[in-house]
Amino acid sequence: MSRLCHVQLAARRWRHVPRPPLLLQSLCVAVACGPTVAAALRDDGFRGHRLEVTSPAEGADADGPGLWDARGDGDGDSGEGDGPVARAAEWPVISISDLHGDLQHAKVVLRGVGVIDEQDKWSGGSVVLVQTGDVLDRGPDALELEAFLDDLGDQAKAAGGEVIRLLGNHEIMNMCQNLKYVSHHQLQSVGGLMAYKVCLGPFGDPGWRLRRHQTAALLGGERGLGEAVLFVHAGLLPSVARAFVERAAPGPAEAALEEQLLLLSMGRARPRRRRAAMGTFRLDAFVKAPKPRIRRRSVAEGQAAIEALNEEVRTLLAKGPTALMAKTHPLLNNSGPFWTRRFDERDEAGVCRDLKATLDLLGASRMVVGHSVQFDGKIKARCGNRLFLTDTAISRAITGTAQPSALRLGPGGQAEAWYAVGASRRHDL
């Protein structure tokens, strides 16, 4: 592409964005793209190690640690010998985690699981690819990687597939102008710090595109899966899930808002007085309250709740960086879907209890998250194969050594961890 940052003049393409001032348009258009990245690393020296995971319904203990049934001899199965129709039938949904500005190894993963070809074009047919956030920061190719994935999404749509983009905490940080993890190379590629801020602003590119990404996705039978799977960057605590289930449910707006406030304050508090304005989260004084009982919702109720969450975050991100300052809003703090580390904690019983509550509230059977790095390079399954921790440090900017991986999900509850590893890297989970 000829330019990494340009203003989005057609403001109607994003309803929350008003038309930018002429001076701001001129500044954005003047920012030119830096040198293009070198040719992507081919996976000639790599081969995928296939790990099969049984469905959680097949003898798994939902309250205990998940055990993966490791099979195969490490020769891998990238799907290169199958057509896109056969690949989509076997693995209709593929998830890749934090990429952190490493275009090279992002392509290694995408090519290895068969969704791009040797020319880096979409070859996944009707496969749904879910990228769980944190494309930006750390590595030198963040903006080019962002543009590549956006273009790949257009190609997938034309072929009957889809690329679902989720926001991570590093996208939120960039939109809040917290740029301490942006690489020097990336800043120079767009003309410096001020130009980069414009690019990531609501009127710049990719800034306006980022503000259209989802916070979470709940995929089920309509995407070829036999059970609903929740995808979110860091995880969704029951407090947040219940707030948006109640918000999406029909009923008096004031009562729905009170329940939102109750549970968005980490799910353990009750407001002393009601707030009248629907759609805003203004947290007042709280007192301790008993944990509410949870009944399992339908997938349709869960999807309505996730759409309400996505829309709330889009509305929030339309504000300027001053109003956005990270971690001051209930959805942006350490218990929110971009920052929580709860699902990587050692408290297995507590983690599985919170996981079950969230899944029941949304009608889901599994949750897939990134964010919390698994430094051994292995995708982790917890809570009877109902929780997958998929951030294996794909980007070499994390540890100095790339550990590419992907999670593939099948129509019968199957799950496969794909790794781009040499013969000396063998894992049994």
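A few comments on the model shown:
- Residue-level analysis places ARG382 among those that are open to solvent by 10 Å² or more (accessible area, probe 1.4 Å), touching a residue at least 12 places away in the same chain (Cβ under 8 Å) and under 24 Å from LEU218 (Cα atoms).
- In the range 108-122, the residues that are of a type in the set (A, V, I, L, M, F, W, C) reach residues that are in a loop (DSSP other than H, G, I, E, B) and surrounded by 24 or more Cβ atoms within 10 Å (Cβ to Cβ) with C-beta atoms within less than 6 angstrom, at least six apart or across chains, in these pairs: VAL108/PRO404; VAL109/PRO404; VAL115/GLY124; VAL115/VAL127.
- In the range 340-360, the residues that are under 22 Å from GLN303 (Cα atoms) form Cβ pairs under 8 Å with partners that are part of a helix (DSSP H, G or I) and β-branched (Val, Ile, Thr), at six or more places apart or across chains, as follows: PHE343/VAL351.
- Matching residues in the range 128-140 - criterion: being surrounded by 24 or more Cβ atoms within 10 Å (Cβ to Cβ) and over 17 Å from the mean Cα position of the chain (by Cα): GLY139
- Filtering the range 82-104 to residues that are surrounded by fewer than 24 Cβ atoms within 10 Å (Cβ to Cβ), at pLDDT 95 or above and either part of a loop (DSSP other than H, G, I, E, B) or touching a Phe, Trp or Tyr at 6+ places or on another chain (Cβ under 8 Å) (or both) leaves only PRO92.
- Just one residue in the set THR358, THR340, THR401, THR322 is modelled with pLDDT of 90 or more, in a helix (DSSP H, G or I) and among the polar types (S, T, N, Q); that residue is THR358.
- When ALA381, ALA305 are checked against the criterion of being hydrophobic (A, V, I, L, M, F, W, C), at pLDDT 90 or above and over 30 Å from TRP418 (Cβ atoms), a single residue qualifies: ALA305.
The values are calculated or read from the model by the stated rules, or taken from the named source; none is laboratory data. Since this is a predicted model, take the numbers as computed values, not measurements. Note that we place each Cβ from the backbone using ideal geometry, even for glycine, and neighbour counts take in every protein chain shown. These area figures cover heavy atoms from the full protein model, side chains too; ligands, DNA and RNA do not enter into them. Shrake-Rupley method; radii C 1.70, N 1.55, O 1.52, S 1.80 Å.
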